[in-house]
Ligand SMILES: Nc1ncnc2c1ncn2[C@@H]1O[C@H](COP(=O)(O)OP(=O)(O)OP(=O)(O)O)[C@@H](O)[C@H]1O
């Protein structure tokens, strides 16, 4: 069907509990009284992706980009709201779910099994994944001995070689070396040309501008803007320029003001 939605995220919130220490955490588990402080990493986030959309998630540190990409990938459950992903095959977040005690090769096999591939298909896919990862003899070493760049290379190699309908790439290009990130970007361009739906999380606004059509700007767990890259990116760049100049005190005040604004918007919209 033309114009079929690939992703529908509706009013999603994610609550974490913050504890002052182990004692509080245990008390919260074993007693009926509530301990710890509720913390919302995401609050009432909604957006939709059309099939073939390439969407970049941006926002300052801690704004909720990874939490949202993990929720869309089905790795982390949402606290409330709903997430619908329409795709024939799996949705994969790069470098997520690698098991440290297993070798790179075993991780490839495990992940492919989990995605529903059979033994013959795994045998066919494996050499291409190992070659793409450039891990060579390290492929038979436990993943816990890998550097973050090596882990990311393995995760990326698996993700792009299983041909998913929706691909989520979270900071994968910032860890590897330059040659590998060029190769990965080329692969992502191929996916884009094939009309795949992609979500791209990165701190590099340059890569975003090169790659994404739409931008979802998160601020303190809420959607600040969602729209075409040429509209949202200049606003974000301007914001970052000013934000960098702010003192710690000013940043805290900005955060307090924004959170208060969010609260009043929420109160209005729930009336
Ligand atoms: N498991 C967790 N328990 C408690 N708080 C968490 C957990 N995971 C994330 N958070 C908090 O949720 C908020 C959003 O985190 P998230 O990693 O999604 O942000 P981000 O925008 O991806 O940040 P960055 O750009 O630094 O990667 C942060 O304040 C973070 O500390």
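Based on the Cβ-Cβ distance from residue 120 to residue 177, what FRET efficiency comes out when R0 is 41 Å, to the nearest 0.05?
Working: r = 34 Å, r/R0 = 0.82.
Efficiency, from the Cβ-Cβ distance: 0.75.
Taking only the Cα atoms of region 1-88, how large is their convex hull per residue, in Å³? All intermediate terms of the calculation are to be shown ahead of the outcome.
Working: hull volume 10.4 nm³, N = 88.
Looking at region 1-88, the number lands at 118 Å³ per residue.
Quickly estimate the mean residue ellipticity at 222 nm for the chain, helices only: each DSSP H run with n ≥ 4 gives -39500 (n - 2.57), and the total goes over all residues, rounded to 500. Walk me through the numbers on the way to the answer.
Details: 10 runs with 123 residues, N = 271.
-14000 deg cm²/dmol, from helical runs alone.
Which translational diffusion coefficient, to the nearest whole µm²/s, is obtained for the chain from the Stokes-Einstein equation, given a Kirkwood hydrodynamic radius over C-alpha pairs, 4 °C and 1.567 mPa s?
Calculated translational D: 64 µm²/s.
Test of understanding: what is the full-extension gain from residue 255 to residue 79, defined as 0.36 nm times their sequence separation minus their Cα-Cα distance? Walk me through the numbers before you get to the answer.
On the way: separation 176, 0.36 × 176 = 63.36 nm, distance 2.32 nm.
Between residue 255 and residue 79, full extension yields 61.0 nm more.
Do me a favour and compute the ellipsoid semi-axes for region 198-271 from its Cα gyration tensor, root of five times each eigenvalue, largest one first, whole Å.
On the way: eigenvalues 116, 67, 17 Å².
Ellipsoid semi-axes (Å, largest first): 24, 18, 9.
Given the chain, what percent of its DSSP beta bridges are antiparallel, to the nearest 5?
On the way: 22 of 38 bridges.
Antiparallel bridges make up about 60 percent of those DSSP assigns within the chain.
May I ask you to list the residues of region 130-154 whose amide nitrogen lies under 18 Å from a point 7 Å from Cα along the Cα→beta-carbon direction of residue 204?
133-134, 148-154
Between residue 35 and residue 11, 0.36 nm times their residue separation minus their Cα-Cα distance comes to what?
Values: separation 24, 0.36 × 24 = 8.64 nm, distance 2.62 nm.
That works out to 6.0 nm of additional length.
So, in nm, how far is label residue 185 from label residue 242 when the simple model puts each one 7 Å beyond its Cα toward the Cβ?
Spacing of the two 7 Å Cα→Cβ label points: 3.0 nm.
Measure out, as a whole number of angstrom, how far apart the alpha-carbon centroids of region 139-189 and region 26-54 sit.
Centre-to-centre (Cα) distance: 28 Å.
Every number here is computed from the coordinates shown, using simple stated rules; none is lab data. A quick note: this is a predicted structure, and the numbers were derived from the prediction, not measured. Don't worry about glycine lacking a Cβ; one is built from the backbone with ideal geometry, like all the others, and counts go over all protein chains shown.
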